[in-house]
Every structure is written in C-alpha cells, then in structure tokens.
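Below is one structure; the comments refer to it alone.
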Amino acid sequence: MIQLSSTHILYLIEAARWTVLLSLIAFAGGALVGLPLALMRVSRSKLLRGLASVYIQIVQGTPLLIVLFLSYFGLGILGYKLDPLVAAGISFTIYAAAFLGEIWRGCIEAVPKTQWEASDCLGLNPVQQYAYVILPQAVRIATPPTVGFMVQIVKNTSLASVIGFVELARAGQIVNNSTFEPFVIFAVVGAIYFAICYPLSVASRHLERKANAGR
C-alpha cells in the first residue's frame, strides 16, 4: 500500500499557499469594487442605484463556474489568453464585489437614521458624513458577515480547478490519483482548510469585541 509521504504533504501545503493567494486577491479586488457598489446602492441618484443593482443581481444570479468559464475560455476565444491565476482572480473579484457590495449596503443602511440626521445638523457634507459618522459605525456592523464571507471565498477557490488552476482541493485530487488513499488525503486537505478558516473566525470575534469596546 502506498503511504502518504512528506513530499505529498509539502505539495498540499504549497497548493494551500495558492489557495490563500487567490483568496486574498478575491477579497482585495472585491473590496475595491464592492465599496463603490455599496455606496452607489445607497446613493440618492436613481441611476447609480439602478446600475449597482443590475450588476449585483446579474452576478449573484450567475453561478461562479460560469464566470470562471467566461473569464478564461470566453476571453481566450476572443484572443485574450489569460493565465489561470489571472482569470481566476478576475472571476473571484467580480463575484466577491457583488456579495460584499450587498453586505456592506445592508450594514450602511443599518446605521440608525438619527446618526444621519445628526450629521446633517452638524453641517457635514456627504463625504465627511460617510467618513466620520456613517462608515465607522457600519464597519463594526459589517465585520462578522464580511469575515464569514471570506471563509466562503476560501472554500469556493476549489472551483478554480476547472480552468487549470491547482489549488488545495485540486492538489488533493492529484495526490489521490497517485496514492489511492482518499480518506487520508482528503482528511489532510480538510484539516488544512480548517487551519486557514478557523483563524478568520477568531479574528472576527476579536475585531468585533474591539470595535464594541468603545460603545
């Protein structure tokens, strides 16, 4: 019987690094696009609200696999051959932006109306209102759901294997094809996923307590 060797373990750990990298790209890109989407969703402009809403509804209603296929194979047909990491990063950014935008929109709207009215009474312009009053309170509300979504991003990186990107789950399949020990291998893969995701949950609780300390 073939045993799981240190080489296999190192290969899985290396793949986990790519999983983490893709997750960071997805969250960073999603945050950069998601925050403007959230602000557009609560804008007084009907046009901006409509554009953001259409984007979010289309992306949330489209399976992530389809977005991956369009980014990699679709652009390839058009003559833009992308590296799997680049295509996966674009796809996950598009995906994460839609969900983060909607999460953060809800958190902004959860700030009590009295806070909006008080900032208006102080004569703050919209930029100052968001920067000094609304967003600091929305961040506290948004921390738990945002970190929870980050955990989902880590898990969903396994879908990137369909375009040739070797992340943790795909690496587990490759190792299993050579060792034929699925229980051991995927137990190790599951443990690595847990090691990645559990600190996020701990960090979420810590940040939430820290944000509430001054209330």
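Specify which of the listed residues (Ser45, Ser53, Ser91, Ser23) is over 27 Å from Thr143 (Cβ atoms) and of a type in the set (Ser, Thr, Tyr).
On inspection, the qualifying residue turns out to be Ser45.
Out of the residues in the range 31-58 meeting the condition of being of a type in the set (D, E, K, R) and free of Cβ contacts under 8 Å to residues at least 60 places away in the same chain, tell me which one is surrounded by the most Cβ atoms within 10 Å (Cβ to Cβ).
Among them, the one singled out is Arg49.
Among the residues of the range 172-185, are any within 22 Å of the chain's Cα centre (by Cα) and in contact (Cβ under 8 Å) with a residue 60 or more places away in the chain?
No, the range 172-185 has no match at all.
Can you tell which of Tyr55, Tyr11, Tyr80, Tyr72 is of a type in the set (Ser, Thr, Tyr) and assigned to a loop (DSSP other than H, G, I, E, B)?
Tyr80
Please enumerate the residues belonging to the range 108-163 that are on the phi > 0 side of the Ramachandran plot and open to solvent by less than 50 Å² (accessible area, probe 1.4 Å).
Result: no residue meets the conditions.
The values are calculated or read from the model by the stated rules, or taken from the named source; none is laboratory data. Quantities reported herein were computed from a predicted structural model and do not represent experimental measurements. Cβ sites come from the backbone with ideal geometry, for glycine too, and all protein chains shown count toward neighbours. Areas reflect the complete protein model, heavy atoms only, side chains present, ligands, DNA and RNA absent. Shrake-Rupley method; radii C 1.70, N 1.55, O 1.52, S 1.80 Å.
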